[in-house]
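Asks: Shown below is the structure under consideration.
The values are calculated or read from the model by the stated rules, or taken from the named source; none is laboratory data. Predicted model only: the values in this text are computed from it and were never measured. In this analysis, Cβ positions are derived from the backbone assuming ideal geometry, glycine residues included, and neighbour counts consider all displayed protein chains.
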Amino acid sequence: MNTEGRHVGLTGLATMGQNLARNIARNGFPIAVHNRTTEKTERFVENFAGEGDIVGALSAKDLVVSLERPRAIFIMVKAGQPVDDVIGELAPMLDDGDLLIDGGNSLYLDSERRARELQEQGLRFLGCGVSGGEEGALHGPSIMPGGSRPAYEQVEDVLTAIAAKVDGKPCCSYVGDGGAGHYVKMVHNGIEYADMQLIAEAYDLLHSGAGMNNDELAAVFAEWNKGELDSFLIDITARILRTRDDQDPSAWLVDKVLDRAEQKGTGRWTAKSALDLGVPATVITEAVFARAISSLKDQRVNAARVLDGPDGRLPEGDDFVGAVHSALLASKIVAYAQGFEQLTAAAAEHEWNLDLGAIAALWRGGCIIRARFLERITEAYDAATVPQNLMMAPYFARTLGAQQDDWRRVVATAATSGIGATAFSSALAYYDSYRREQLPANLIQAQRDLFGAHTYERNDRPGTFHSAWH
């Protein structure tokens, strides 16, 4: 086997692993590939060996011996125990300074643990968030590497070469120690949940409420994609809405899709972490809950026959498209603001030196939430005065103020029409709560002191107090 210059390996040849391996080979890096099922390894080499210097390893041992030291091996298997199983098999065969790279959607706490355990064995570890799906893995994903800086520098040339490029700059840079890379990817996915739910609610209001057909909606989303809402998710929404069903060309395919949204767990992880950190990531959490209630399909079918409510239709002739655009833009800003607040809190908790502007730049290309206004986020965090909350940055504060009349109209109309728009509503409630100097939490704290002697602070003098409430 020719091993000259071969220092990159990859194990796990499901679709993401295959496409990442092809991307690496296409960029001129010799690579050895391995899969637990040898037939898959052989088939991959047969199909794609022409794309670069690719060899197949029929066992984990063959993979290790095929690589020059210091070795770097990408692990592209299902998150959880399968990653630990692969590490357990490979680690005893590796030498000091060799590197294992987990490119799956692993929980950041697992990445923290794996980094510690491998360091004790003299090995290096990177927990690499990779976003962009199958297409991104092949043509250029957004890559969020976390671990030791020397570990990153060992494969920096590979990672930056295969990453998406925006204005000639790779959407890949070192994020931070331990599990920082997978944490940033987790929050990315949480924002993705929120973004998708907000778009779904806009679609619902205009389709179920305003009675627009899918051709009309496709045109609306395509037009929105030319302006401030320009993003991958808006673009694919227009594409989805104009697609006809192969089995019934008179019908739209989206109308044949069962209204039950699945999830793989990263949104839940984001919401749980936000709760642990005390960060009000309300839009992300509502998006997770929305998927949960969508899963109750049988119950919803029964409830539709039993529970009363409005008919869900907007008044005749109500021009609602512009208002929904405003609500979507404003709510999207809130979702991103909450995500970046969570990153700030996590950085303080775990002592990660996260560069928020650089993280926004990582997401400009390759990833699912790539959008035009990520450049505005980078600008906000690179400014001389960094905002306490992204909503406070001048551009976003002005934009939120300009959209709020339409935003309120949309939320109110959704409520009176009986259309659940929980992400829109949650975003507006967060905005209104954040901008209020006085909240009713004084009453809550008084209640806590009365029934549990939890004490309270006063607004007219320092100290902690407990009172006998009459």
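Asks: If a residue must be surrounded by 14 or more Cβ atoms within 10 Å (Cβ to Cβ), in a helix (DSSP H, G or I) and out of contact with any Lys or Arg (no Cβ under 6 Å at 6 or more places or on another chain), how many such residues does region 214-246 contain?
Replies: Within region 214-246, residues that are surrounded by 14 or more Cβ atoms within 10 Å (Cβ to Cβ), in a helix (DSSP H, G or I) and out of contact with any Lys or Arg (no Cβ under 6 Å at 6 or more places or on another chain) number 17.
Asks: Moving on to the next point. Can you name every residue in region 82-135 that is on the phi > 0 side of the Ramachandran plot and in contact with a Pro (Cβ under 6 Å, 6 or more places away or on another chain)? I'd like the intermediate steps shown before the answer.
Replies: Within region 82-135, the first condition is being on the phi > 0 side of the Ramachandran plot, and the residues that meet it are 97, 122, 132-133.
If the condition is that a residue be on the phi > 0 side of the Ramachandran plot and in contact with a Pro (Cβ under 6 Å, 6 or more places away or on another chain), then Gly97, Gly132 are the ones that fit.
Listed here are the residues, each with its yes/no results for (1) without any contact (Cβ under 8 Å) to a residue 40 or more places away in the chain; (2) farther than 30 Å from Lys226 by Cβ; (3) among the small types (Gly, Ala, Ser); (4) surrounded by 14 or more Cβ atoms within 10 Å (Cβ to Cβ).
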position: Ala271; (1), (2), (3), (4): no, yes, yes, yes
position: Ala290; (1), (2), (3), (4): no, no, yes, yes
position: Val306; (1), (2), (3), (4): yes, yes, no, no
position: Ala323; (1), (2), (3), (4): no, no, yes, yes
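Asks: When only residues in region 334-375 that are among the polar types (S, T, N, Q) and part of a helix (DSSP H, G or I) count, which is surrounded by the fewest Cβ atoms within 10 Å (Cβ to Cβ)?
Replies: The first filter runs over region 334-375 and keeps only residues among the polar types (S, T, N, Q), leaving 338, 342, 344, 353.
Within this subset, residues satisfying the condition of being part of a helix (DSSP H, G or I) are 338, 342, 344.
On the way: Gln338: 30, Gln342: 24, Thr344: 18.
Only one residue fits best here, namely Thr344.
Asks: On to the next question. For Ala383, work out the one condition from (1) hydrophobic (A, V, I, L, M, F, W, C); (2) crowded, with 16+ Cβ neighbours inside 10 Å; (3) at pLDDT below 95; (4) more than 20 Å from Thr285 (Cβ to Cβ) it doesn't fulfil.
Replies: (2)
Asks: Go through Lys169, Lys226 for me and flag whichever is in contact (Cβ under 8 Å) with a residue 12 or more places away in the chain and either assigned by TED's automatic domain parsing to the domain that holds Gly132 or farther than 24 Å from Val279 by Cα (or both).
Replies: The match here is Lys169.
Asks: Would you point out which residue out of Gly211, Gly178 is on the phi > 0 side of the Ramachandran plot, crowded, with 19+ Cβ neighbours inside 10 Å and part of a loop (DSSP other than H, G, I, E, B)?
Replies: On the way: Gly211 fails: crowded, with 19+ Cβ neighbours inside 10 Å.
Gly178 is the lone residue from the list that is on the phi > 0 side of the Ramachandran plot, crowded, with 19+ Cβ neighbours inside 10 Å and part of a loop (DSSP other than H, G, I, E, B).
Asks: Another question, if that's okay. Kindly state which helices (runs of 4 or more DSSP H) lie completely within region 1-82 and contain at least 3 residues that are charged (D, E, K, R).
Replies: Numbers: elements: 15-26, 38-48, 60-65.
Filter on region 1-82 gives 38-48.
Asks: Now for a different question. Tell me, please, whether a residue that is of a type outside the set (Ser, Thr, Tyr) and surrounded by 22 or more Cβ atoms within 10 Å (Cβ to Cβ) can be found in region 37-51. Lay out the reasoning, then the answer.
Replies: Initial filter on region 37-51 (of a type outside the set (Ser, Thr, Tyr)): 39-40, 42-51.
Those still in the list that are surrounded by 22 or more Cβ atoms within 10 Å (Cβ to Cβ) too: none.
No: zero hits.
Asks: Checking Ile73 against (1) over 23 Å from Gly122 (Cα atoms); (2) crowded, with 22+ Cβ neighbours inside 10 Å, only one condition comes out false. Which one?
Replies: Ile73 satisfies every listed condition except (1).
Asks: Going residue by residue through region 376-390, is there one that turns out to be touching an Asp or Glu at 6+ places or on another chain (Cβ under 8 Å) and in contact (Cβ under 8 Å) with a residue 60 or more places away in the chain?
Replies: no
Asks: Filter region 418-470 down to the residues that are charged (D, E, K, R) and part of a helix (DSSP H, G or I), then identify the one that is farthest from the chain's Cα centre (by Cα). Break it down into steps so the answer makes sense when it comes.
Replies: Filtering region 418-470 down to residues charged (D, E, K, R) leaves 432, 435-437, 448-449, 457-458, 460-461.
Imposing the further condition that a residue be part of a helix (DSSP H, G or I) reduces the set to 432, 448-449.
Values: Asp432: 25, Arg448: 36, Asp449: 40 Å.
So the residue we want is Asp449.
Asks: Can you give me the ranges of the helices (runs of 4 or more DSSP H) entirely in region 252-332 with at least 3 residues that are outside the structural domain of His350 (by TED's automatic domain parsing), aliphatic (A, V, I, L, M) and touching a Cys at 6+ places or on another chain (Cβ under 7 Å)?
Replies: On the way: elements: 266-277, 282-294, 297-306.
No helices (runs of 4 or more DSSP H) qualify here.
Asks: From (1) farther than 23 Å from Ala414 by Cα; (2) touching a Ser or Thr at 6+ places or on another chain (Cβ under 9 Å); (3) among the β-branched types (Val, Ile, Thr), pick out the condition that doesn't hold for Val254.
Replies: Just one mismatch for Val254, condition (1).
Asks: Which of the helices (runs of 4 or more DSSP H) found entirely inside region 84-172 contain at least 1 residues meeting this: closer than 21 Å to Arg22 by Cβ? I'd like the intermediate steps shown before the answer.
Replies: Numbers: elements: 108-120, 133-139, 149-162.
Answer list for region 84-172: 133-139, 149-162.
Asks: While we're on this one: Sort through Ala49, Ala79 and tell me the only one that's touching a residue at least 12 places away in the same chain (Cβ under 8 Å) and aliphatic (A, V, I, L, M).
Replies: On the way: Ala49 fails: touching a residue at least 12 places away in the same chain (Cβ under 8 Å).
So the residue among Ala49, Ala79 that is touching a residue at least 12 places away in the same chain (Cβ under 8 Å) and aliphatic (A, V, I, L, M) is Ala79.
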